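Below is one structure, written out as structure tokens; comments come after it.
The values are calculated or read from the model by the stated rules, or taken from the named source; none is laboratory data. Note that the structure is a prediction, hence the values are computed from the model and not measured. Cβ: placed from backbone, ideal geometry, glycine included. Neighbour counts: every protein chain shown. Surface accessibility is based on the protein's heavy atoms, side chains included, excluding ligands, DNA and RNA. Shrake-Rupley method; radii C 1.70, N 1.55, O 1.52, S 1.80 Å.
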Amino acid sequence: MEVLFNIWGAIVNFFQNTWDSFYQTIIYDNRYIYILEGLFNTLIIALFAVIIGIVIGVLVALIRNNYDRNNKFKLLNKIACLYVNIIRGTPQILQLMIIYYIIFGTVDINIVFVGILAFGINSGAYVSEIIRAGIESIDNGQLEAGYSLGLNYSKVMRYIILPQAIKNILPALGNEFITLLKDTSVGAYIGIVELTKASDIIASRTYDYFFPLIIVAIIYLILTIGLSKLISMMERKLSNDYS
Amino acid sequence: MITVKNLKKKFGNKIVLKGINLNVEKGERVVIIGPSGCGKSTLLRCINGIEKLTSGKVIFEGKDINSKNVDINKIREKMGMVFQQFNLFPHLTITENIILAPVKLKIMTKEDAVKKAVELLELIDLKDKKDMYPSQLSGGQKQRIAIARALIMNPEVMLFDEPTSALDPEMVDEVSNLMKDLAKNGMTMIVVTHEMSFVKECASRVIFMEDGNIVEEGTPKDIFENPKSDRLKEFLSKVK
């Protein structure tokens, strides 16, 4: 009887402590607001960085492909290569710091905007390589058939090559976006209050790490799993179209 | 209509074409034959500018097609090309394949292009395939669609690069017959082929190439019944 009572007491105690911890770190003083703010910033940075990444990626991929195929845009191709090499050859955290502390060092600028720019520029390099590989995976005969009908390079790309390449590009692009979403946590280093930083702020106030870290981890998981579901839905839709 | 002057083409150190001179007039049906690797496909690809030449000139209706002042795309609109591997666009339906170029180049409205495509599909007897994708067609059907796709541009000349070489034997005739019909209707054609029935029936001139040079040329009768060079005799003994 006494044993049962002790066990019951332990259980009650455990839930009491857990609830206290949860209350202290999440509810007290409206601390959940940090997490909401962090989630908002993470989503904003990821969303706009993806858009910048795609725009830069497509441009760089087309410049480099046009150079490879037609020997055009010699100078732009050099710049594009340099850009890809620099971005892929240096740590992302360093790029973020260079942009924040050096390029915008003397300017008063919204730090979330700095994050968007840094992550977008970083993503663009990787996206460009993914798109370039996707374009190159399409049989050269497609390009030749397009040319032979009198279509120019940009029309061939737009109507013939890219619509086919997208099928090969999409899976790798999806991975890139999931990576980008997680990598926004690097923004914490320069003080962007995104999800990871938000959990860190709460933890440093309460000295209780459990709920801030676990909740934020779960949020990341929901976001990335949701994103990969969305991408595989798009893949399936594309592969149903033909073949 | 097409003049090739001293055309040379190198791939790295390998010289594929060693100074080709050729003149094709309107209404001619020139067939290029020769062993594989002799440069006949490369010659055809140089004529419509898919392959850049190393030196020499290709002149189409008075215009040097490699000149900076000439829009090669405008030239290609008038030169239909049919490839060994068909090169249909797999992501588009048959109709979309055919109408893509005239619509995107704003030569026809979409409605007119679709109407024309249906006429062409009727002509090649594939009207029932108009909403299918290339992957649902046989090789012979694909190649006939590829010919229709080139024809919708109303080309002045059609270039055929081994159009029947990738086909199963029983499908060769359907493509070959379509080409014969085109020839009978007066289409100017330059054809690289091993299909000797087409050569005998339709060619107005046969060119025998060997190792980057034109070795012999003449009417089908000259070439088949009275070959001069030993190399051509040997070649004919093998293909017959």
Kindly list, by first and then second residue, each pair from a residue in the stretch A:58-75 that is over 11 Å from A:Tyr153 (Cβ atoms) and part of a helix (DSSP H, G or I) to a residue that is open to solvent by less than 90 Å² (accessible area, probe 1.4 Å) and among the polar types (S, T, N, Q), limited to pairs with Cβ atoms under 7 Å and residues at least 6 apart or on different chains.
-> A:Val60/A:Ser128; A:Ala61/A:Ser128; A:Ile63/A:Asn77; A:Arg64/A:Asn77; A:Tyr67/A:Asn77
Test A:Asn152 against the stated conditions and say whether it is more than 17 Å from A:Ile45 (Cα to Cα), more than 15 Å from the chain's Cα centre (by Cα), open to solvent by 60 Å² or more (accessible area, probe 1.4 Å) and within 14 Å of chain B (Cβ to nearest Cβ).
-> no
Candidates A:Phe48, A:Phe104, A:Phe40, filtered to the one that is under 30 Å from A:Pro171 (Cβ atoms) and without any contact (Cβ under 8 Å) to a residue 60 or more places away in the chain | A:Phe40
Within the stretch B:66-89, which residues are assigned to a loop (DSSP other than H, G, I, E, B), buried (at least 19 other Cβ atoms within 10 Å of the Cβ) and either among the acidic types (Asp, Glu) or over 14 Å from the mean Cα position of the chain (by Cα) (or both)?
-> B:Leu88, B:Phe89
Which of the residues spanning the stretch B:7-38 are assigned to a strand (DSSP E or B) and of a type in the set (A, V, I, L, M, F, W, C)?
-> B:Leu7, B:Phe11, B:Ile15, B:Val16, B:Leu17, B:Ile20, B:Leu22, B:Val24, B:Val30, B:Val31, B:Ile32, B:Ile33
Taking the residues in the stretch A:179-190 that are open to solvent by 30 Å² or more (accessible area, probe 1.4 Å) and not acidic (Asp, Glu) as candidates, determine which candidate is nearest to A:Glu37 (Cα to Cα).
-> A:Ser185
Residue selected from the stretch B:108-131 under the condition open to solvent by 100 Å² or more (accessible area, probe 1.4 Å), closer than 22 Å to B:His91 by Cβ and in a helix (DSSP H, G or I), by the criterion nearest to the other protein chains (Cβ to nearest Cβ) = B:Lys110
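Considering only the stretch A:156-174, I want to know if a residue exists there that is part of a loop (DSSP other than H, G, I, E, B), within 13 Å of chain B (Cβ to nearest Cβ), buried (at least 19 other Cβ atoms within 10 Å of the Cβ) and not charged (D, E, K, R).
The answer is no, given that none of the residues of the stretch A:156-174 is part of a loop (DSSP other than H, G, I, E, B), within 13 Å of chain B (Cβ to nearest Cβ), buried (at least 19 other Cβ atoms within 10 Å of the Cβ) and not charged (D, E, K, R).
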State whether the residues of the stretch B:121-135 include one that is in contact (Cβ under 8 Å) with a residue 40 or more places away in the chain, closer than 22 Å to B:His194 by Cα and among the small types (Gly, Ala, Ser).
-> no
When the stretch A:198-220 is examined, which residues are found to be at negative phi and open to solvent by 100 Å² or more (accessible area, probe 1.4 Å)?
-> A:Arg205, A:Tyr209, A:Phe210
Those residues of the stretch B:186-204 which are open to solvent by 30 Å² or more (accessible area, probe 1.4 Å) and either over 20 Å from B:Arg45 (Cβ atoms) or in contact with a Gly (Cβ under 7 Å, 6 or more places away or on another chain) (or both) amount to B:Gly186, B:Ser197, B:Lys200, B:Glu201, B:Ser204
Identify the single condition in (1) open to solvent by 20 Å² or more (accessible area, probe 1.4 Å); (2) modelled with pLDDT of 90 or more that B:Lys238 does not satisfy, given that it satisfies every other one.
-> (2)
Scan of the stretch B:61-107 for residues that are at pLDDT 95 or above, in contact with a Lys or Arg (Cβ under 9 Å, 6 or more places away or on another chain) and more than 9 Å from chain A (Cβ to nearest Cβ), ordered by number | B:Ile94, B:Thr95, B:Asn97, B:Ile98, B:Ile99, B:Val103
The residue from A:Ile138, A:Ile99, A:Ile51, A:Ile93 that alone is among the aliphatic types (A, V, I, L, M), surrounded by 18 or more Cβ atoms within 10 Å (Cβ to Cβ) and in a helix (DSSP H, G or I) is A:Ile99
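Considering B:Lys26, B:Lys40, which residue is open to solvent by 40 Å² or more (accessible area, probe 1.4 Å), basic (Lys, Arg) and out of contact with any helix residue (DSSP H, G or I) (no Cβ under 6 Å at 6 or more places or on another chain)?
Only one candidate passes the filter, namely B:Lys26.
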Residue satisfying all of: in the stretch B:1-58; in contact with a Leu (Cβ under 8 Å, 6 or more places away or on another chain) and among the charged types (D, E, K, R); nearest to the other protein chains (Cβ to nearest Cβ) among these | B:Lys9
With the condition kept exactly as written, say whether any residue in the stretch B:154-168 is in a helix (DSSP H, G or I) and crowded, with 22+ Cβ neighbours inside 10 Å.
-> no
Given the conditions (1) under 24 Å from B:Phe235 (Cα atoms); (2) among the β-branched types (Val, Ile, Thr); (3) buried (at least 20 other Cβ atoms within 10 Å of the Cβ), which single one is not true for B:Ile15?
-> (3)
Could you name every one of the strands (runs of 3 or more DSSP E) located completely within the stretch B:171-240 that has at least 3 residues being closer than 28 Å to B:Gln143 by Cβ?
-> B:188-192, B:205-210
Residue check: is A:Arg69 under 28 Å from B:Asn97 (Cα atoms), of a type in the set (D, E, K, R) and open to solvent by less than 50 Å² (accessible area, probe 1.4 Å)?
-> no
